[in-house]
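FYI, it's all coordinate maths here, none of it is from the lab. Note that the coordinates shown come from a computational prediction; the quantities given were computed from them, not determined experimentally. Glycine gets a Cβ as well: all are built from the backbone with ideal geometry, and neighbour counts include every protein chain shown.
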Amino acid sequence: MTPGVRLGQVSFVWRPWMVCVTLLLAAATFLVFCLSIGIGDFPIGLSRVIATILGRGEQVDEFVIMDLRMPRALAGLLVGIALGVSGAITQSVARNPLASPDILGITGGASATAVFLVTVSGGAATAVVSTVGLSAAALVGGLGTGLLVYFLAWRRGVDGFRLILIGISVTAVMEAITTWLLTKADIRDVARAQVWLVGSLDNRSWDEVRVVFWCTLVLMVVVAAVAFQFKPLHLGDEVAAGLGVRFSGVRAVLLLCAVLLAAAAVSAAGPVPFVALVAPQVAMRLVRYPTPPLVASGLVGALLLIGADLTARSALPVTLPVGVVTAAIGGPFLVYLLVRANLR
Amino acid sequence: MGAEHLTKSGPAVEDVPRLAAKGIAVGYGGRTVIDGLDVTVPPGLITTIIGPNGCGKSTLLRTLTRLLKPTAGAVVLDGEDIVKLRTRDVARKLGLLPQAPVAPEGLTVADLVARGRHPHQSWLRQWSSDDVSVVERALAMTGVSDLADRPVDSLSGGQRQRVWISMTLAQGTDLLLLDEPTTYLDLAHAIDVLDLVDDLHESGRTVVMVLHDLNLATRYSDNLVVMRDGSILAQGHPRDVITADLLHEAFGLRAKVIDDPVGGRPLIVPIGRTHVQIN
């Protein structure tokens, strides 16, 4: 039988395996995070990195770590968590492993917005970029597209299959716009847009990290508050309603959080592909639970993103943007998922 | 013969209906399916809604469980308008099993049944010793304790349906509404599930269900609600309700009604166009 754990008035289901794996994932994420700070043109040992993070480092290390490398590492951590959790929510709500922010139009909308602002120079576009910055504009674009998909999919509640079909269609339109903008743009602008389109953690500043940090923190609190009502949704709308869940309200709040998380992530790192799709699926298999676990999905997302960035910077002969590596891992994994579903 | 249901319903049953629909009108996006329907669910009995496809049986059941909101009239649960109650409070009084529910791949029987406790839990109190004992009883009562650690999707259709009923039981309500609990089951498994439903009724629960098979409905219900075109054609004990005339009126079905040699209830023998020797 399902064992429980009780602390005063608080009680939870006790799943030792899930707890252990989640703790291990947290430890691994911290380790890779520190490694990613330590490795670079000026290598710093792991113990010195940890000492500096804890505020007991030397002054030289402090400058390199806190001022130069921390923003990039933190951006990777937060973007990974945001994408992982966002993917876990969308896959759960749609009850379909293919539902990820990549497919629900958020990434496509953010990309089209960013490319539009980069390539259509002059006048209003330049003014927008100079006042709010490219990241914030992309965030608004991604958010707008995500909401558009949500409302188009709305027909007396949101049906998962409809959500995915409309998401794919809207994404296709956004990609067409992006391609069209790229073909008629000036070659130098195209180069700048391409860098953004692949997804990269290069040259992150504390300002950009701060935006994604607060977005992620606030949204995670909201998600945690609603998470309890979330469990019965995996059984379908009618069963959830029978169990006393106002499913349309709960789902609207969760999907909005997922869209915002993904948009925040895309604004900070560009459209890093496949993390949101793969992280929840990997997390499910690691913790051996049938539905995407929120915390573990976030951690796997972070691990994947920082790990990919580390690989892209140091293990490969040429320095690549992080998105290339996540796509190289994510693509084959998606194929594996589909083949596995076919064999069933 | 009409007195049978009086003796069968037992002495402990109060005669105050806990669930009733009063003058309800229900529809989907402008199309009215039910218009001005009254029905009461007698306590302690098995009530089965039957009727031809598209007559509004599922719509009625879904309205009784608050899945659909009536555009006129009201569904009354324990004296209160069900629409005005909190979703959670409804879930503590009324258990619902929708048609052909699907569990996530890999979810175990114990985990699924445990989710039936949701209306009694909160963010901080997610799993108490109460929950443990109620879930254990629900598993035992439906005969699926041995399957507790198996994934739901690895079970046969009949076992799976038992598990879902077990989840509804874990909700701890004495009012159960089941939408076609025998869909996709072969006859042997259908009988198995309906015997289980009868056990639940014997232990004091009030059951409302929608069934397609008329003979199973007749055998297993104390109260039949026969619908056609969104209204109720007849209601009462199967012995009083099921006649050849009614079947023709409700379903357009030519049939002979004879005595069921096993159950002492009416048995419907349909007369088709072919393979009929006597008329």
Pick out which of B:223, B:53, B:215 has the largest mean-square fluctuation in a Gaussian network model of chain B, springs linking Cα atoms closer than 10 Å. B:53
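What percent does the relative contact order of chain B come to when contacts are Cα pairs within less than 8 Å and at least six residues apart? Could you put the intermediate results ahead of the total?
Values: 509 pairs, mean separation 62.5, N = 279.
Answer for chain B is 22 percent.
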Mean-square fluctuation maximum in Gaussian network of chain A, Cα pairs under 10 Å, restricted to A:64, A:149, A:32, hits A:64
If one computes the Cα centroid of the stretch A:29-74 and of the stretch B:37-96, what distance in Å separates the two points? 62 Å
Select from the stretch A:8-72 those chymotrypsin sites (Phe, Trp or Tyr not before Pro) which occupy a DSSP coil region and have at most 14 other Cβ atoms within 10 Å, ordered by residue number. A:14
Sorting B:71, A:90, B:47 on the 10 Å Cβ count, fewest up front, what's the list? B:71, B:47, A:90
For chain A, set up a Gaussian network in which alpha carbons nearer than 10 Å are linked by springs, and say which option among A:263, A:225, A:75 fluctuates the most. A:225
Calculated [θ] (222 nm, deg cm²/dmol) that DSSP helices of n ≥ 4 give over chain B, each run adding -39,500 (n - 2.57): -9000 deg cm²/dmol
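At 37 °C and 0.692 mPa s, grab the translational diffusion coefficient of the stretch B:4-270 from Stokes-Einstein with a Kirkwood Rh over Cα pairs, rounded to a whole number in µm² per second.
My calculation gives 171 µm²/s for D.
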Determine the shielding of peptide B:117-126 by partner chains: average, over its residues, the number of Cβ atoms on other chains within 10 angstrom of each Cβ. 6
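Using a 10 Å cut-off around each Cβ of peptide B:88-97, what is the average number of partner chain Cβ atoms that fall inside?
The mean count of partner-chain Cβ atoms within 10 Å per residue comes to 3.
How many percent of all Cα-Cα pairs in the protein assembly as shown sit more than 37 Å apart?
Values: 89421 of 193753 pairs.
Here the long-distance tail beyond 37 Å is 46 percent of all Cα pairs in the protein assembly as shown.
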Putting +1 on Lys and Arg Cβ atoms and -1 on Asp and Glu Cβ atoms, find which of A:318, A:25, A:212 reaches farthest to the positive end of the dipole of chain A. A:25
Between 0 and 90 degrees, rounded to the nearest ten: what's the tilt of helix B:157-170 against the longest Cα principal axis of chain B? 60 degrees
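Rounded to the nearest 20 Debye, what is the dipole magnitude of chain B about its Cα centre when Lys and Arg each give +1 and Asp and Glu each give -1 at the C-beta?
Dipole of chain B, to the nearest 20 debye: 720 debye.
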Nearest 10 degrees, 0 to 90: what angle lies between the long axis of helix B:187-202 and the longest principal axis of chain B (Cα atoms)? 70 degrees
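Report, in debye and to the nearest 20, how large the dipole of chain A comes out about its Cα centre when Lys and Arg carry +1 and Asp and Glu carry -1 on their Cβ. Could the numbers behind the result be given before it?
Values: 23 positive and 16 negative charges, 217 e Å.
Rounded to the nearest 20 debye, it is 1040 debye.
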All lysines inside 22 Å of residue B:69 as judged from Cα atoms, apart from same-chain residues fewer than 8 positions distant: B:22, B:57, B:84, B:93
All alpha-carbon distances of chain A, grouped into 20 Å bins from 0, give the whole-percent distribution 30, 57, 13, 0
Each residue of the stretch A:133-141 in turn: what ³J(HN,Hα) in whole Hz from Karplus with 6.51, -1.76, 1.60 and θ = phi - 60°, glycine and Pro shown as x? x, 5, 4, 5, 5, 5, 4, 5, x
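Based on other C-beta atoms within 10 Å, arrange B:55, A:20 from fewest to most.
Numbers: B:55 23, A:20 11.
Final ranking by Cβ density, sparse to dense: A:20, B:55.
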Considering only C-alpha atoms, what is the centroid distance from the stretch B:188-228 to the stretch A:202-264, in Å? 41 Å
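Among A:180, A:154, B:164, B:127, which comes first, second and so on when ranked by fewest other beta-carbon atoms within 10 Å? List each step's numbers first, then the result.
Details: A:180 12, A:154 15, B:164 26, B:127 20.
Placing the least packed residue first, the sequence is A:180, A:154, B:127, B:164.
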Answer with one residue from B:45, B:190, A:273: the one whose Cα lies farthest towards the positive end of the charge dipole of the protein assembly as shown, charges on Cβ with Lys, Arg +1 and Asp, Glu -1. A:273
